[in-house]
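One structure is given here, and the rest of the page talks about it.
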Amino acid sequence: MESFHNLNPLENRIYKLKKPAFRFLCPLCRTEREFSTTPRLNRFHFLQITFLTSVTSIVFYPMTGLKILPIFFLYWSLFEIMVRVRFKSEIPCPHCGFDATWYKKDVRIAREKVKQFWERKNTVEEPEQSIEDEKEVVTEA
Ligand SMILES: [Zn+2]
């Protein structure tokens with residue numbers, strides 16, 4: 001899995017992460033993709049949750065006693081949401097706009113998203129082209 005260049009990807013030069021969580025090929029443009037995160041909590045997250053629970057417990061113990069301890073589960077669910085939102089933000093392909101989550105839910109919406117991506121990309125690149133076209137017209141006249 002060292003090189004995918006023989007597959008004729010859309011983008012050969014991609015930004016490489018130092019420690020990707022996992023690597024794969026974009027199913028639409030064959031560009032090599034990397035995820036920096038996974039949708040699961042790791043040991044470090046649970047350490048942070050435990051630390052937050054400890055601090056909150058120490059602060060609120062005089063008022064609530066041990067009833068504050070279930071706040072651990074509130075922090076846990078907040079961390080789960082945070083990790084999943086961050087992971088989902090990485091899913092759409094930055095090269096072709098393919099979004100695997102939408103493809104799984106509704107292929108038509110996924111196709112529409114790719115179309116919108118290319119419309120946006122083309123409108124960004126168009127102004128330069130139109131300036132070049134004007135120059136050509138001037139030189140011809
Ligand atoms: Zn792609």
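Every number in this text was worked out from the coordinates using simple rules, so none of it is lab data. On a predicted model such as this, the values are computed, not experimentally measured, just so you know. Glycine gets a Cβ as well: all are built from the backbone with ideal geometry, and neighbour counts include every protein chain shown.
Descriptive notes on the structure:
- If the chain linking residue 78 and residue 59 were pulled fully straight, counting 0.36 nm for each residue of separation and taking away their Cα-Cα distance, it would gain 4.9 nm.
- Fewest-first sequence of 114, 83, 59 by Cβ atoms within 10 Å of each Cβ: 59, 83, 114
- Sparse-neighbour loop sites [GluC sites (Glu not before Pro); the range 1-53; at most 14 other C-beta within 10 Å; DSSP]: 2
- Proximal lysines relative to residue 88, as straight alpha-carbon distance under 29 Å, when same-chain residues fewer than 8 apart are discounted: 16, 18, 19, 104, 105, 113, 115, 121
- Sites residue 51 and residue 107, calculated FRET efficiency, Cβ-Cβ separation with R0 30 Å, nearest 0.05: 0.10
- All Cα-Cα distances of the chain, cut into 10 Å bins from zero to the largest, leave 10, 24, 23, 18, 14, 7, 3, 1, 0 percent in each bin in turn.
- Under 5 Å, built H, 5+ apart or other chain: amide partners of residue 33: 24, 25, 26
- Panel order for 99, 106, by other beta carbons found within 10 Å of each beta carbon, from fewest to most: 106, 99.
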